[in-house]
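Take a look at the structure set out below.
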Amino acid sequence: SYAPAEIFACGETAVLLPAGAPGKGESTGERLTLLLCANASGSEKVPLRAVGDSPRPRCLRGVNLEQMPWSYRAGSLAGLTAPLFAEWLREFNEAMRRQGKSVLLLLAKHEAHPSLQLSNVRMVFVPPATALAQPLDRGIASDLKGHYRRRLLRWLPAERGAGQPSLLDVLHMLAQAWGDVHPGLIASCFRAAGFTPDASAEAVSLTSAPGLLGREQLERDGDPAGADGDEGMAEGEDAGELAAVPPCPSEREVWRSLATLRRYLECQATSPDLFQAFYELEDAVHMVSAG
């Protein structure tokens, strides 16, 4: 009786912080536990919940945590405990209630996953030995980790004026990596796990997310005047006006400006959606700087 958009699955996976990441408790090899949740159509990915060792990371001071596209909690050995999971369940149920949805939630049965009576979420526990493995284990979690590793590798300390990324940087990278997971991949993993009809009509497309700018688009947008832009002074311009044009900023200056903008949003943002626009801007700048 549930449509694919109303069938959700949640599960846990772990990632490692880079060695030497600054901040209390962020030592070499520290693990973050991630709670992932998405629906069978791939149309909705619940914001990431990250659980780490440090109860009060210095890098999160001053951040308006309620408006981030991710959430962070401290747990024992960076694990998702039953109280933390119950808190997440109630928040997920409230989000569904606000949207007027009644949904099914598939999850594994173990001590950290208590069964709660919720108004808009029906919990269904999948036996661990079943042949229908969790959709997240069919490729969703590994795809997220691949995007996360790619973003870690492209971290440019020389341009950003920093060393290893902090826990705050990592949380933003994980949110971006979660956004990089294609809806078609999620839907195919649910089908592979047997939780939705095997719809063979549509092939899974693993192209870039539609919100990201393609390289060709950037090249077109970068020269709005076309090939005629270097024909000399436009009509009405004089030498004084041209002298007032500021020089082109360096890549270091651009990354510092983006860091300032991100910090402003972290302190002043009124919606997590603002960060989606910022993430797209950051990706576009990186594409330009990479040539």
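The values are calculated or read from the model by the stated rules, or taken from the named source; none is laboratory data. Since the model is a prediction, treat every value here as computed from it, not as a measurement. So basically every Cβ, Gly included, is an ideal-geometry build from the backbone, and we count neighbours across all protein chains shown.
Some values worked out for this structure:
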| item | result |
| --- | --- |
| Of residues in the range 180-192 being surrounded by fewer than 22 Cβ atoms within 10 Å (Cβ to Cβ) and outside any loop (DSSP other than H, G, I, E, B), the one modelled with the lowest pLDDT | ALA192 |
| Checking GLY42 against (1) modelled with pLDDT of 90 or more; (2) farther than 21 Å from PHE195 by Cβ; (3) in contact with a helix residue (DSSP H, G or I) (Cβ under 9 Å, 6 or more places away or on another chain), the condition it does not meet | (2) |
| So MET68, is it among the aliphatic types (A, V, I, L, M), in contact with a His (Cβ under 9 Å, 6 or more places away or on another chain) and at pLDDT 90 or above | yes |
